[in-house]
Number of protein chains: 2
Amino acid sequence: MTNVSVVGRGITKFGKKKDSIKSMLIDACKDALVEADRPRVDAVFVGNFASGSLANQEILGSIVTNELGLGNVPSIKMEGACASGGLAFRQAYQLVKAGEYDNVLVAGAEKMTGFDTETVTKAINHAMDNESNESASGLTFPGFFGVLANRYIHEYGAKKEHLAMVALKNREYAINNPIAQFTTPVELEEILNAKPITDPLGLFDCSPISDGAAAVMIQRGANGVEILSSGQASGTPLMQEVDDLLHMSATYSSGKRAYEAAGIGPEDVDVVEVHDCFSMTEIIAIEELGFFEKGKGWEALENGLTKHGGLVPVNTSGGLLSKGHPIGATGIAQIIQIVDQLNGSAANQVENPKIGLAQNLGGTGAYSTVHLLRRKGA
Amino acid sequence: MTNVSVVGRGITKFGKKKDSIKSMLIDACKDALVEADRPRVDAVFVGNFASGSLANQEILGSIVTNELGLGNVPSIKMEGACASGGLAFRQAYQLVKAGEYDNVLVAGAEKMTGFDTETVTKAINHAMDNESNESASGLTFPGFFGVLANRYIHEYGAKKEHLAMVALKNREYAINNPIAQFTTPVELEEILNAKPITDPLGLFDCSPISDGAAAVMIQRGANGVEILSSGQASGTPLMQEVDDLLHMSATYSSGKRAYEAAGIGPEDVDVVEVHDCFSMTEIIAIEELGFFEKGKGWEALENGLTKHGGLVPVNTSGGLLSKGHPIGATGIAQIIQIVDQLNGSAANQVENPKIGLAQNLGGTGAYSTVHLLRRKGA
């Protein structure tokens, strides 16, 4: 069995930034390279979703490789909507595990601010199947997850307050994360009375438009936090085709595959980052990943089971909701938070965690990746 | 040593098409699946460059997987400018070789017609480093390759006629290829007197704007044309950084890696597809890949060495110049032509070829992939 580890990390502050996608990528990659003690890099993988439509820039793989002076090593950009970062990380892990490469630099980035609402909404909607009547109906991502939240509330007896508890918890975590986009304290009441976006989702239930980049160095060997396994699954990009609106099959299957490959279960996991593009999505994710029974996620929130002192702390980085969601960077930023937790150096450090999980979602369940990581030497 | 083979092919006609990128992808993939005898597919990789900016559509991996009813298998889109198809093919090959998957469906597609010239030029220019002064100077891809052609002519004594010979040869091959975009016979005189694009390149020296899709099924085992090796390299995306304008280092290095991994050399190759985005690029490629000495490629054209009866037939498909260049599809279409040649069923069939080579370039040398393939049982 080949060990594969994360041996370097780099991340920019998330939020509204003046920097270009290229400069953010370079900043994050340089830090990851330095922390990894500048090994010879064998390949560069970049996760990104919308740089063509928003930043007028493709070929990010080659640009990063060239700008960092890494020589003529293979490079590539990977896309899978909001799961682009997780997908790039997975490919790198698989190829290092296979012995194709010893050191792969994996970065993710997005430049999303500075555009009018129509431009950025149109770019985000490229993550739908735009030949479908669903897209033609005017559905957007907040619309989709609003429908899902209404159904969840109807089906399982949750209240809008439980969605707000997700937003509140993640904001409280973000306050301690120096790279987070939103660090102003809020009260539950403020979240509940915020500007409505798509009923029942208000402003705090929706992840923001963000700029940012993140990078990690993946290495053959046991010199860092170990990557135990990777699970990936696709799902339908169409809401109308889903058998059960409250079952995100890609999340479930990617988790199942990662657990099976690592030979462990959710009960072994000590700290978790899930894809809370909306508050509702976090509740669905903690159910699909087996931390709580289906329809019981909201009760876990009510009982404080997903924060420090509970069953398993979720999104201690502040999550997409408050840390920010520069699409391509998100999957890598999740990995970094888990690595930090397992190294004992995280914002909102959990006590002595041994195993962590990161889940990255694309579209309305079109993609999901799950990675399990283990503390060095644990 | 694990054998990896190409066991199914699908390709649409290239050119100006009414079909969407989704429908073209599905058409090509269905044919590849049927020809491969509908194996259980373990993953789907799609090579594409500009679907976000031109077709308002990302998540092509998930869309194809879902539309074909392949279940929740991993899927992803890969981007590396005009080498996107070659990159997707390489990833699939590496992961099948590593035992991660048994069957991977690899497709490539682009929808480029139906836009005004400014829109499509802007999208294609996403393959430059747009933060550089080079891009700000107004340089476009025909501009870059025009400069290169002038330098080549100055340095090595070639004439504009030798560029025209590339265009003529590839048109003559395209006439017999049912999927080719341009099949009208032309004369050398017509090519030389065509509308100038960037001196010395005329209309026939430049690959066209095309729609199209191509797909192959890659399988563990020896049931088809065998993939011997894969080489990939990055290069600078900036012309001003190149040490020698006439040395495309990504092409050279990707070739070197593929030859070394297969334990063979250019003298063992019987049929070749190279990335002739411009007539000049074909001449550079056949030199960098070791078929002819540096500065002697034009003489090979003059002496008919790159067609039937010569040393090694190049671009028997008609090449990008006359078969067409739907960017993401190109790398896969090249593989299909080599597979057809090695199966003895190609348009412009070469006599009894044993080994073939396909080279796919991105940007002005930002990416290159080289794949070596061997006839089944050879």
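Could you go through region A:216-235 and let me know if any residue there is within 16 Å of the chain's Cα centre (by Cα), open to solvent by 10 Å² or more (accessible area, probe 1.4 Å), farther than 30 Å from residue A:133 by Cβ and of a type outside the set (D, E, K, R).
yes
For region B:9-60, what are the residues that are acidic (Asp, Glu) and closer than 23 Å to residue B:183 by Cβ?
Passing the criteria: B:19, B:27, B:31.
Consider residue A:49 against the criteria (1) assigned to a loop (DSSP other than H, G, I, E, B); (2) free of Cβ contacts under 8 Å to residues at least 60 places away in the same chain; (3) over 16 Å from residue B:90 (Cα atoms): it satisfies all of them except one. Which criterion is unmet?
(2)
When you look at residue B:16, is it more than 11 Å from chain A (Cβ to nearest Cβ) and either open to solvent by 10 Å² or more (accessible area, probe 1.4 Å) or more than 20 Å from the chain's Cα centre (by Cα) (or both), yes or no?
Yes.
Read through the list (1) without any contact (Cβ under 8 Å) to a residue 12 or more places away in the chain; (2) of a type in the set (A, V, I, L, M, F, W, C); (3) within 14 Å of chain B (Cβ to nearest Cβ), then give the number of the only condition that residue A:194 fails.
All conditions pass for residue A:194, except number (3).
Output the residues belonging to region A:60-79 that are free of Cβ contacts under 8 Å to residues at least 40 places away in the same chain, of a type outside the set (S, T, N, Q) and over 24 Å from residue A:325 (Cβ atoms).
Across region A:60-79, the qualifying residues are A:69, A:70, A:71, A:73, A:74.
Based on this model, can you work out whether residue B:61 counts as facing another protein chain (nearest Cβ under 7 Å) and either closer than 16 Å to residue A:50 by Cα or open to solvent by 10 Å² or more (accessible area, probe 1.4 Å) (or both)?
yes
Before we move on, is residue A:348 assigned to a loop (DSSP other than H, G, I, E, B) and either more than 14 Å from chain B (Cβ to nearest Cβ) or closer than 30 Å to residue A:129 by Cβ (or both)?
Details: assigned to a loop (DSSP other than H, G, I, E, B): yes; either more than 14 Å from chain B (Cβ to nearest Cβ) or closer than 30 Å to residue A:129 by Cβ (or both): yes.
The answer is yes for residue A:348.
Suppose we filter B:273, B:288 for residues that are surrounded by 24 or more Cβ atoms within 10 Å (Cβ to Cβ) and within 14 Å of chain A (Cβ to nearest Cβ); which single one remains?
On inspection, the qualifying residue turns out to be B:288.
As an exercise: evaluate residue A:263 against (1) on the phi > 0 side of the Ramachandran plot; (2) modelled with pLDDT under 95 and give the number of the one condition it does not meet.
Evaluating residue A:263 over (1) on the phi > 0 side of the Ramachandran plot; (2) modelled with pLDDT under 95 leaves (2) as the failure.
For residue A:109, state whether it is among the aliphatic types (A, V, I, L, M), more than 7 Å from chain B (Cβ to nearest Cβ) and in a helix (DSSP H, G or I).
No.
Looking only at region B:1-13, which residues are open to solvent by 10 Å² or more (accessible area, probe 1.4 Å), under 20 Å from residue B:227 (Cα atoms) and touching a residue at least 12 places away in the same chain (Cβ under 8 Å)?
Once the filter is applied, which keeps residues that are open to solvent by 10 Å² or more (accessible area, probe 1.4 Å), under 20 Å from residue B:227 (Cα atoms) and touching a residue at least 12 places away in the same chain (Cβ under 8 Å), region B:1-13 yields B:2, B:3, B:7, B:9, B:11.
Between B:30, B:22, which is assigned to a helix (DSSP H, G or I) and either within 9 Å of chain A (Cβ to nearest Cβ) or small (Gly, Ala, Ser) (or both)?
Among B:30, B:22, only B:22 is assigned to a helix (DSSP H, G or I) and either within 9 Å of chain A (Cβ to nearest Cβ) or small (Gly, Ala, Ser) (or both).
Out of all the residues in region A:64-78, which are open to solvent by less than 10 Å² (accessible area, probe 1.4 Å) and of a type in the set (A, V, I, L, M)?
A:64, A:76, A:78
Considering only region A:301-312, state which residues are surrounded by fewer than 24 Cβ atoms within 10 Å (Cβ to Cβ) and of a type outside the set (Gly, Ala, Ser). Steps first, please.
If we filter region A:301-312 for residues that are surrounded by fewer than 24 Cβ atoms within 10 Å (Cβ to Cβ), which is where we start, we get A:302-305, A:307-312.
Hits for region A:301-312 are A:302, A:303, A:305, A:307, A:308, A:311, A:312.
Read through the list (1) closer than 24 Å to residue A:135 by Cα; (2) under 19 Å from the mean Cα position of the chain (by Cα), then give the number of the only condition that residue B:83 fails.
The failed condition is (1).
Quick grid of which residues meet (1) touching a Pro at 6+ places or on another chain (Cβ under 8 Å); (2) more than 19 Å from residue A:236 (Cα to Cα); (3) assigned to a strand (DSSP E or B):
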site	(1), (2), (3)
B:58	no, no, no
B:64	no, no, no
B:70	no, no, no
B:73	no, no, no
B:77	no, no, yes
B:86	no, yes, no
B:89	no, yes, no
B:93	no, yes, no
B:100	no, yes, no
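Looking at region A:317-343, I want the residues that are more than 13 Å from residue A:371 (Cβ to Cβ) and have a partner that is among the aromatic types (Phe, Trp, Tyr) and open to solvent by 10 Å² or more (accessible area, probe 1.4 Å) with Cβ atoms under 6 Å, at least 6 apart or on another chain. Which pairs are those?
Within 6 Å, the pairs are A:318/A:173; A:322/A:182.
If I go through region B:89-103 residue by residue, how many of them are of a type outside the set (S, T, N, Q) and more than 9 Å from chain A (Cβ to nearest Cβ)?
6
Considering only residues of region B:241-263 that are touching a helix residue (DSSP H, G or I) at 6+ places or on another chain (Cβ under 6 Å) and within 12 Å of chain A (Cβ to nearest Cβ), which is surrounded by the most Cβ atoms within 10 Å (Cβ to Cβ)?
B:251
Condition first: under 30 Å from residue B:250 (Cβ atoms) and within 8 Å of another protein chain (Cβ to nearest Cβ). Now tell me which residues in region B:64-87 satisfy that.
B:74, B:75, B:76, B:77, B:78, B:79, B:80, B:81, B:87
What is the number of the single condition among (1) within 18 Å of residue A:63 (Cα to Cα); (2) touching a Ser or Thr at 6+ places or on another chain (Cβ under 6 Å) that residue A:41 does not meet?
All conditions pass for residue A:41, except number (2).
The values are calculated or read from the model by the stated rules, or taken from the named source; none is laboratory data. Everything numeric here is computed off the predicted structure, so don't read it as measured data. Every residue, glycine as well, gets a Cβ built from its backbone with ideal geometry; the counts of neighbours run over all protein chains shown. To get the accessible areas, we keep the full protein, side chains included, count just its heavy atoms, and leave off ligands, DNA and RNA. Shrake-Rupley method; radii C 1.70, N 1.55, O 1.52, S 1.80 Å.
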